[in-house]
Amino acid sequence: MKKKETKLPETEEGTVLFNVPLPEDLSQLKKMSPIIIKWPYHTDYIHSYGQDSPFFAGLANKKLLGTKCPKCGYKYATPKFHCMYCGSECDWFELPLEGKIHTWTTCYYGGQEFLKETPFNLILVEFEGVDSLLLVRLVGISQDEIRIGMKVKARFRRNSQFKPTDVYFVPAE
Amino acid sequence: MRDVYMVSGGVSKFTKARPDRTFQPMVKEAFDYAMNDVPNLTIDQIDGSVASYFSDHFQRQLMSGIMVHDYLGLCPKESKRVEGGGATGGLCFQTAWAEVASGRQDVCVAFGFETMSHVNTWKGNEFIALASDTNYDYPVGGFYTGYYAMMVVRHMHEFGTTREQLAMVSVKNYQNAFHNPYAQKKMKITVEDVLNAPMVAYPLGMLDICVMSDGAAVCILADEKMAAKLTDKPVKIASVGCGTDAMRMADRPHGDVILLPHESPDDYKGLKYPGVHSFRAGRMGAKLAYERAGITNPLEELDFVELHDAYTSSEIQTYEDLGLCKYGEGGQFIESGKPNIDGICSVNPSGGLLACGHPVGATGLMQAVFAFWQLQGTIGKHFQSDKLQIKDAKRGLIHSHAGTGTYVTVSILEKPF
Ligand SMILES: [Zn+2]
C-alpha cells in the first residue's frame, strides 16, 4: 500500500502580524519563540557585458564568436578578452556551428530562476581545433540518449534576448 | 616564520535553521566552547581575529564580520574578513596561521559562520550559482550540482567510475556521522537508498549532495610560547598549501598532470589534465602542503583526512588530487575500504559535509576543529563517545574547496606531544 502523504507543503506566505503579547514577568522572554518576518528583495541590475558584448551581438546574428590569442595562438570557445596564458589582447573569430559533447548532465532541480525549466540538459561543447569549451543547453534529446562524443549543432533564437541561451544545441546525428 | 599551533576549537551544532539566534550569538556559542576548553586564555591575550563567511546574499547584511568581532568583545583588536566561496573556512584558517607565523599576532581567533536558512533551498542554489561566470555560465542554467554532475560524468567516462562507487562514499560518511553529535543529519543508509533517492542532476541524487545549514565554528591559533601556556595538548600546523583554477570549467586546460613525489609521468600517459574531471587546485594545494611538511607518501603518512565532500563525486576526485591513490583509481579506493573509519587512512571520520552539513563559512573551520580533537585524542570528551576516535592519530589533513575547484586549501596538522 502506498504511504499516505501526512505533511502539508510549506509555503512562504506567512501572515501580517501587528502585535504580540508580552508576559508580565520579563524573565520569561528568553523562552520566547523567534519572530520571523518576510523581507522581499528585488533589484534591477544595470549589467553590462562590457568587452564580452560582441559575443551576444554574434548570437543575435546567428554566429558563434570565440576569441583567439594573436601571440600564443590559444583559442577560446568561451571568449576571454585577454589571454590567460600570455596576457595578450585576443581577437574575435567565428566558431564552427558543430561540435562534440565533452561532458553533460540533466538537471531535475535548479536554482529558483531555472526551476520551472527543469528538466534540462547542460553540455560542454568541444570544437575542432579550439582549445577551450562552451557551456550550453542541449535540446531535443532525453537523458538516456546523451553520449560523450556525440555530434551536436548550434541553433539560435529568432528573437534575441541577449543572453547566452540565445544559442542552444541539438543532436547532429 | 614561526611554528603555529592550534590550541582550541568549538563548533555550534549545524542545523537546517537557527531562527532562535542571529549569527553573532551563534558564533559566540562556538567561541565560548573554545574559550572554556583553554581556561587560561583571557580575551586580552587575544591579538586579533579573521572572519569567514561566504555570501552577503544569505546574510543580507554587509560587514557581518565586524558585528561578530564586536559581539565577541574583541574590539579594538585587528581583524579582517577573507572570502573564497566554499574554501572560505580553509582560507580563513590559513590566514590566521599566517598572522601567527609572521609574528604579527601571538594568539589569533579564526571564526566562521553562514546562515543559509534565510532563503528557501532553491533561492539558495541560485545565490550559490552566482559563484559562476554571470556573463556565460550562470544564465545557461546556473546550478552547482549541475556543474559538479558534468565533472563526474567526464570522470566516469575517463576512468569508469560508477554511481555505486559514489553511493559508497555517502554510506561511509553517514555511517561515521551517526556517532558525531554535531552532525546535522543522522540516518542509516544503504547503497540502494542512495541510488534510489530522487535525481537532482545526473548522476547525483539527493543523497549524493550535502544540505544547506546554519552554523558556526571557531579555531584559536597561537605561537609556541602561548600554546605551551594554554594547553598541554597543542596541535601543530605542520604546513599549509593552496591552489587555484579558472572559474569557468570551460577554460580548464588539457595538459600534463602535476605530479606528487610518489608518482611518475608514466602513470598518466595520454591523460589530458585536469580537463573537467579533476581538480588541479586540489592537486596544487596538496603538492605545496606535502612539500612543506616533508610528506612523500600521503597514504602511508596521514592517519586521517577531513575533505570537502559537498558531493560524493568530489570525495572520489579528491582522493586522487591528494594522492591517496592515482588519478583514475578513486572509485576503487572507496571499494578497497582504505578510507573507512578503521581503514589505513580514514577519510571524513566526522561524517564530512554530506552528513554534518555545509554552512559555507563555518565548514573549513569545523573540519579543523574535528581534526584538532582527533589529534588531541579528545574525541571522546567532545563527542561523548570515542567511537570515531582514530587510535594513535599523529597526523591529519584538512581540505577546503571552492566552487568547481577554483580555490582549494590543504593544511597538515600534527600531534607534537
Ligand atoms: Zn596567449
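The values are calculated or read from the model by the stated rules, or taken from the named source; none is laboratory data. Bear in mind that the values here come from a model prediction, so they are computed numbers and not experimental data. For neighbour counting, all protein chains shown are included, and Cβ atoms are generated from backbone atoms with ideal geometry for every residue, glycine included. Side chains are part of the model used for accessible areas, which takes the heavy atoms of the whole protein and leaves out ligands, DNA and RNA. Shrake-Rupley method; radii C 1.70, N 1.55, O 1.52, S 1.80 Å.
With a 1.4 Å probe and all protein chains kept in place, how much accessible area does residue A:105 have, in Å² rounded to the nearest 10?
So the heavy atoms of residue A:105 present about 0 Å² to solvent.
Looking only at B:205, B:84, B:255, which one moves most when chain B is put into a Gaussian network model with springs between Cα atoms under 10 Å?
Among B:205, B:84, B:255, the largest GNM mean-square fluctuation belongs to B:255.
In chain A, how does Rg compare with the Kirkwood Rh, expressed as the Rg/Rh ratio over alpha carbon atoms?
So for chain A, dividing Rg by the Kirkwood Rh gives 1.21.
Can you tell me what percent of all Cα-Cα pairs in the range B:4-115 are more than 21 Å apart?
When all Cα pairs of the range B:4-115 are counted, 31 percent exceed 21 Å.
Subtract the Cα-Cα distance of residue B:384 and residue B:335 from 0.36 nm times their separation in residues, and report this length gain in nm to one decimal.
Values: separation 49, 0.36 × 49 = 17.64 nm, distance 3.00 nm.
Here the segment from residue B:384 to residue B:335 would lengthen by 14.6 nm.
Could you give each residue of the range A:35-42 its phi-based ³J(HN,Hα) in whole Hz, using Karplus coefficients 6.51, -1.76, 1.60 with θ = phi - 60°, and x for Gly or Pro?
8, 10, 10, 8, 9, x, 8, 9
On a C-alpha basis, how far is the centre of the range A:7-52 from the centre of the range A:82-147 in Å? Whole number, if you could?
When both Cα centres are located, 38 Å separates them.
Give me the accessible area of residue A:80, 1.4 Å probe, in Å² rounded to the nearest 10.
Surface open to solvent at residue A:80 totals about 50 Å².
Which pairs break 29 Å Cα to Cα here: A:31/B:16; B:77/B:381; A:151/B:326; B:28/B:236; A:7/B:387? Before the final figure, lay out the partial values.
Details: A:31/B:16 20 Å; B:77/B:381 32 Å; A:151/B:326 31 Å; B:28/B:236 25 Å; A:7/B:387 35 Å.
Over 29 Å apart, Cα to Cα: B:77/B:381; A:151/B:326; A:7/B:387.
Scan around residue B:215 for amide H atoms under 5 Å from its own, H built in the peptide plane at 1.01 Å from N, and keep only partners 5 or more places away or cross-chain.
Under 5 Å from the amide H of residue B:215 lie the amide H atoms of B:114, B:116, each far enough along the sequence or on another chain.
Stretched out fully, how many nm does the piece from residue A:71 to residue A:88 gain, at 0.36 nm a residue minus the Cα gap?
Answer, rounded to one decimal: 5.5 nm.
Bin width 20 Å, origin at 0, all Cα-Cα pairs of the protein assembly as shown: what percent of pairs per bin?
For the protein assembly as shown, the pair-distance distribution reads 20, 52, 25, 2.
Taking the Cα atoms of the range B:314-417, what is the range of coordinates along each of the three principal axes, in descending order and whole Å?
Taking max minus min along each principal axis of the Cα atoms, the range B:314-417 gives 37, 32, 27 Å.
Once you've got the GNM for chain B with C-alpha springs shorter than 10 Å, pick whichever of B:274, B:339, B:261 has the biggest mean-square fluctuation.
B:261
Quick check for you: with a 1.4 Å probe and neighbouring chains kept, what is the accessible area per residue of the range A:121-173, in Å²?
Per-residue accessible area for the range A:121-173 comes out at 49 Å².
Compute the signed sum of charges (Lys and Arg +1, Asp and Glu -1) over the other residues within less than 10 Å, Cβ to Cβ, of residue B:51.
+1
Going by average Cβ density within 10 Å per residue, which order do the peptides B:44-50, B:108-114, B:315-321 take, highest to lowest?
B:108-114, B:315-321, B:44-50
What order do B:97, A:92, B:373, A:39 take when sorted by accessible area (1.4 Å probe), most exposed first?
Descending order: A:39, A:92, B:97, B:373.
What is the sum of charges around residue B:279, taking Lys and Arg as +1, Asp and Glu as -1, for the other residues whose C-beta is under 11 Å from the C-beta of residue B:279?
Charge balance in the 11 Å sphere: 0.
So what does residue B:256 come to for accessible area, using a 1.4 Å probe and Å² rounded to 10?
140
Please give, to one decimal in nm, the separation of the simple spin-label points placed at residue B:196 and residue B:104, each 7 Å out from Cα toward the Cβ.
Placing both labels 7 Å along Cα→Cβ, they lie 5.5 nm apart.
So if R0 is 51 Å, what FRET efficiency would residue B:300 and residue B:134 give, r being the distance between their Cβ atoms, rounded to the nearest 0.05?
Here the calculated transfer efficiency is 0.70.
For B:336, A:160, write out the residues from largest to smallest accessible area, computed with a 1.4 angstrom probe and no ligands counted.
On the way: B:336 65, A:160 40 Å².
Correct descending sequence by accessible area is B:336, A:160.
I'm checking a number: the convex hull volume of the Cα atoms of the range A:100-166, normalised per residue, in Å³. What is it?
In the range A:100-166, the Cα hull volume divided by residue count equals 109 Å³.
Based only on Cα atoms, what Rg/Rh ratio does chain B have, Rh being taken as Kirkwood's radius?
My calculation of the ratio gives 0.94.
Ordering A:81, B:279 by how much accessible area each has at a 1.4 Å probe, largest first, what is the list? Please list the in-between numbers first.
Values: A:81 65, B:279 0 Å².
From most exposed to least exposed: A:81, B:279.
What residue among B:264, B:213, B:346 has the largest mean-square fluctuation in a Gaussian network model of chain B, using Cα springs under 10 Å?
B:264
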